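Below you'll find the structure, written out as structure tokens, and then a few comments.
The values are calculated or read from the model by the stated rules, or taken from the named source; none is laboratory data. Worth saying up front: this structure is predicted, and the values here are computed from it rather than measured. Positions of Cβ are backbone-derived with ideal geometry, glycine not excepted, and every protein chain shown enters the neighbour counts. In case anyone asks, the SASA skips ligands and DNA or RNA and just uses the protein heavy atoms, side chains included. Shrake-Rupley method; radii C 1.70, N 1.55, O 1.52, S 1.80 Å.
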Amino acid sequence: MTTRTLADVIESMPTSDGAGVKLRRSLGSRQMLRADPFLMLDEFFSDDPRDYIAGFPSHPHRGFETVTYMLDGHMLHEDHLGNRGELTAGGVQWMTAGRGIIHSEMPQQAEGRMRGFQLWLNLPAKEKMKPAAYQDIAPSEIPLTTLAGGARAKVIAGSVLTDGKPVHGPINGAHKNISTDPLYLDVELPAGGRFTHSVNPEYTALIYPYEGTLEVGPAADARALGRQHLGVLSAGETIEVMGGPEGARFLLLAARPLKEPIVQYGPFVMNTRAEIEQAIHDYQTGKLAEKAAERTAHA
């Protein structure tokens, strides 16, 4: 079996979004910097409320999915469809924008640490105009499993094998119902600990260490991957990593590439310029919200 190696390394860059929330962005930090079907990956982390208190006021999306994973802190999601979700430490919000959704994500704390990630996952052309959907995943719904080599993994999407048996996440688990077939793991490794995982050789695979460092690839050809650097992996059937001197925590992401044209304008991700112009028109005239609500009500 071919083991994947580091094909590229993308350093996350400081930026801000929403009403001035400070964060670090790797994928999406510049135009065309994507890894099909992944569009953007943000890490937010601050103990200073001035860095996050303004939050993400009401804004639209169309054509993709957003995945927010909280490590620390408390955010409130509200959208025009009437959804309201409390996003607390260890929880996940998986939102399919589809045809259109207008939502806000606002801090529910005035002090303390706010820490987590937001991932943007593209939708295939045939699904970009489907009704919007929203799912809150409580920390208790996300399995934590111990693997060979000393690793522990939270399984958010997809599955891992433990003692030859699959452990399924709450998203895309036992019943694969997402066309990009995503894998989303939060893995913890002790110093020198090893993690091995099989993945479809045709899938895009990414690794993002947010604590400590990693050695990525087979022992004879391993390369170091530092904290807050996104590793884009080569083709192959197996992923192998080893924890650095202080151990590591990292996200492992994989999914089936769509191999479709992408035209993006801020929060709208479609396949053609005409579709982007339609999305802008629908939002400006209020039709994006109306149509999304109508379609969802009749789904």
Selection count where residues are open to solvent by 50 Å² or more (accessible area, probe 1.4 Å), farther than 30 Å from Ala151 by Cβ and of a type outside the set (Val, Ile, Thr), scope the range 247-280: 10
Test set (1) under 22 Å from Gly169 (Cβ atoms); (2) open to solvent by less than 10 Å² (accessible area, probe 1.4 Å) - Glu127 fails condition number: (2)
Some residue of the range 230-242 being open to solvent by less than 60 Å² (accessible area, probe 1.4 Å) and farther than 22 Å from Gly158 by Cα: no
Criterion violated by Ile101 - all others in (1) surrounded by 15 or more Cβ atoms within 10 Å (Cβ to Cβ); (2) in contact with an Asp or Glu (Cβ under 8 Å, 6 or more places away or on another chain); (3) modelled with pLDDT of 95 or more; (4) not basic (Lys, Arg) satisfied: (3)
Where a residue in the range 137-158 is farther than 30 Å from Arg84 by Cα and its partner, wherever it lies, is outside any strand (DSSP E or B) and of a type outside the set (Gly, Ala, Ser), with Cβ under 7 Å and at least six apart: Gly150/Pro190
Given (1) out of contact with any Gly (no Cβ under 8 Å at 6 or more places or on another chain); (2) open to solvent by 60 Å² or more (accessible area, probe 1.4 Å), number of the condition Thr196 does not satisfy: (1)
Subset of the range 6-21 (residues that are open to solvent by 20 Å² or more (accessible area, probe 1.4 Å) and over 30 Å from Glu215 (Cβ atoms)): Ser16, Asp17, Gly18, Ala19, Gly20
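Counting just the residues of the range 44-58 that are part of a strand (DSSP E or B) and not polar (S, T, N, Q), which one comes out surrounded by the most Cβ atoms within 10 Å (Cβ to Cβ)?
Going through the qualifying residues, I end up with Phe44.
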Residue check, Ala248 closer than 24 Å to Gly169 by Cβ and either out of contact with any Ser or Thr (no Cβ under 6 Å at 6 or more places or on another chain) or touching a residue at least 12 places away in the same chain (Cβ under 8 Å) (or both): yes
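Quick grid of which residues meet (1) in a loop (DSSP other than H, G, I, E, B); (2) open to solvent by 30 Å² or more (accessible area, probe 1.4 Å); (3) modelled with pLDDT under 95; (4) out of contact with any helix residue (DSSP H, G or I) (no Cβ under 7 Å at 6 or more places or on another chain):
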position	(1), (2), (3), (4)
Ser29	yes, yes, yes, yes
Leu33	yes, no, yes, yes
Asp42	no, no, no, yes
Leu81	yes, yes, yes, no
Glu86	no, yes, yes, yes
Gly112	yes, yes, no, yes
Trp120	no, no, no, yes
Gln135	no, yes, yes, yes
